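As structure tokens, the structure follows; a few thoughts come after it.
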Amino acid sequence: MERKIDGFCPPSPAREEKRSSPLISRQYCSSSDYMWKDEKSSYFNLPALDLSVSFPQATPASVFPPCVSDYYHFDELLTPEERDIRNKVRECMEKEIAPIMAEYWEKAEFPFHIIPKLADLHISGGTIKGYGCPGLSLTASAITVAELSRVDASCSTFILVHSSLAMLTLALSGSEEQKQKYLPYLAQLKMIACWGLTEPDNGSDASSLKTSATKVAGGWILEGQKRWIGNSTFADLLVIFARSTVTNQINGYIVKKDSPGLTATKIENKIGLRMVQNGDIVLKKVFVPDEDRLPGINSFQDTNKVLAVSRVMVAWQPIGISMGVYDMCHRYLKQREQFGVPLAAFQVNQQKLVQMLSNIQAMFLLGWRLCKLYENGKMTPGHASLGKSWITLRARETVALGRELLGGNGILTDFLVSKAFCDLEPIYTCIDEKEPAIRHYAGCSSVRRC
């Protein structure tokens, strides 16, 4: 039995023999034992091989594959204007975003230098008419979300939060003075906005929010916290929802960045949508002048007109993600060879690819139908909720199949699929957290129709 002296355990003969090896170095450990550590090789810190050298058989996602998922020619359902904006967004994403997305995703940083490129697309503001906004059809706006998501879901989330939530709230619920003051700059992405509804204690139960707004001379004092707010760490303008202590109803407020008492800090360690800067917002006696209260938000019900559009837009994110994964897998299986033939020649792979393609056709058609129901004034909350839930579920299956098809390369962000797999999880989880309410809502709607 070894005897310990002052916390030091003398080595046994076997350990002495091991220590004497030129390949092993000894480190003293305060736990009264040795830790054996291999000496590093001379090439330990060399940079990774370029992918074209380490794996030349398949093209990475930095050179994005062509779109091959429109099997039933849904392109013919779009107007010439909708096809034009789709092609414009597709070209920008493939050229400007695809080459850098893996790098920024790994670093969990947002590529601010691409904001002018996104501004040039003139899609910020979506369906809003006037004030420098594009005034797109809902279908065109949805198609842009899909094309953004096809290459990178973080970029689509950035635009969705800024445009389909914050800007749309201003357009539908702001005063004329507020619209004139803010929307032109937001449409040009010269100002960035976020939308603060979710709180630490209230996610799907958003109507129970606790952030308070107390009336004082000339304005309001906001107190509370928000969580998971995209764009919040760098937003110039924060749309914040708080409960009035006067009426006990939920009101909307415009909060400027760097307002005294306002802080927004980044949520770290996410596994998905890593480029999105989700933040924790803390409001400590933040003063908001009367002119920055949104006059059209006087209860939680007033948020529904914004959420009706955003539900449809969010449903198109998983459609776009699935399209990108299918395009990547389709090219990869044709390029990658095993046993002397492309992987696409094996029926087991063909079956998975066909299942992915089938899902995308159904998802696209349902998303398109949601757009048309909304444009014709016939979409109900049940339509939007059930559609969003079902599309996201099918997308999760599609992306999982894509990850299987790429084998070992399916866990590398270089080939898109693993990144898309992770990016879809927060979108699915956001839906899944609300799943009982969504299914209850859709279920009640369907029962009433019977």
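The values are calculated or read from the model by the stated rules, or taken from the named source; none is laboratory data. Everything numeric here is computed off the predicted structure, so don't read it as measured data. Virtual Cβ from ideal backbone geometry, glycine too; neighbours counted across all protein chains shown. For the accessible areas, the whole protein counts, side chains as well, though only heavy atoms, and no ligand, DNA or RNA atoms are used. Shrake-Rupley method; radii C 1.70, N 1.55, O 1.52, S 1.80 Å.
What to note about this one:
- Point-to-point label distance, residue 73-residue 375, nm (Cα→Cβ direction, 7 Å offset): 2.0
- Two-decimal ratio, segment 149-235, of alpha-carbon radius of gyration to 2.2 N^0.38 Å: 1.22
- Applying Stokes-Einstein at 37 °C and 0.692 mPa s to the Kirkwood radius of segment 34-108, computed over alpha-carbon pairs, gives a translational diffusion coefficient of 196 µm² s⁻¹.
- With Cα atoms, 0 to 90° folded angle of helix 80-92 axis to the chain main axis: 30
- From phi via Karplus (6.51, -1.76, 1.60), per-residue ³J(HN,Hα) for segment 380-394 in Hz, x at Gly/Pro: 9, x, x, 4, 5, 5, 5, x, 4, 5, 5, 4, 5, 5, 5
- Cα-based shape type of segment 181-289, given that a ≥ b ≥ c are square roots of the gyration tensor eigenvalues and the cut on a/c is 1.5: oblate
- Accessible area of segment 233-356 belonging to carbon and sulfur atoms, whole % at 1.4 Å probe: 52
- Virtual spin-label span in nm between residue 245 and residue 271, 7 Å along Cα→Cβ: 4.2
- A straight chain from residue 44 to residue 298 at 0.36 nm per residue would run longer than the Cα-Cα distance by 85.3 nm.
- Amide H contacts of residue 195: 230, 239, each under 5 Å away and 5 or more positions distant or on a separate chain (H built 1.01 Å from N in the peptide plane; Pro and chain starts excluded).
- Efficiency of FRET from Cβ geometry, residue 63 and residue 258, R₀ 35 Å, rounded to 0.05: 0.30
- Overall shape: prolate for segment 232-295, with the ratio a/c of the largest to smallest alpha carbon gyration tensor axis at 1.5 or above and a/b above b/c.
- Loop chymotrypsin sites (Phe, Trp or Tyr not before Pro), segment 296-393 (other Cβ atoms within 10 Å of the site Cβ: 15 or fewer; DSSP): 339, 346
- Computed from label points 7 Å out along Cα-Cβ, the spacing between residue 355 and residue 334 is 2.3 nm.
- As a size descriptor, the averaged projected area of the C-alpha convex hull of the chain was calculated at 31.1 nm².
- Remark: the residue 120-residue 181 segment gains 19.9 nm on full extension, using 0.36 nm per residue and subtracting the alpha carbon distance.
- For segment 229-243, putting each phi into the Karplus relation 6.51 cos²θ - 1.76 cosθ + 1.60 with θ = phi - 60° gives couplings of 8, x, 6, 5, 6, 10, 5, 7, 9, 10, 8, 10, 9, 9, 8 Hz, in residue order, rounded to whole numbers and with x for Gly and Pro.
- About its Cα centre, the dipole of the chain is roughly 740 debye, where the only charges are +1 on Lys and Arg Cβ and -1 on Asp and Glu Cβ.
- Whole-angstrom Cα spans of segment 337-408 along principal axes, big to small: 56, 18, 14
- Per residue, in Å², the accessible surface of segment 145-210 once ligands and nucleic acids are set aside, probe 1.4 Å: 29
- Debye log10 I(q)/I(0) for segment 297-377, one point scatterer per Cα, at q = 0.14, 0.23, 0.24, 0.27 Å⁻¹: -0.62, -1.03, -1.07, -1.20
- For segment 116-263: rounded, prolate or oblate by the Cα gyration tensor [a/c cutoff 1.5]: prolate
- ³J(HN,Hα) computed for each position of segment 352-364 - Karplus, 6.51 cos²θ - 1.76 cosθ + 1.60, integer Hz, glycine/proline x: 5, 5, 5, 5, 4, 5, 4, 4, 5, 4, 5, 4, 4
- With all pairs of separate Cα atoms included, segment 64-195 yields a Kirkwood hydrodynamic radius of 15.4 Å.
- Model label zone, residue 215; criterion: amide N under 19 Å from point 7 Å along Cα-to-beta-carbon; scope segment 237-256: 241-254
- Taking every C-alpha pair closer than 8 Å and separated by at least 6 residues, the mean separation divided by the residue count of segment 147-233 gives a relative contact order of 27 percent.
- Residue 286 long-range amide H proximity, modeled H, under 5 Å: 222
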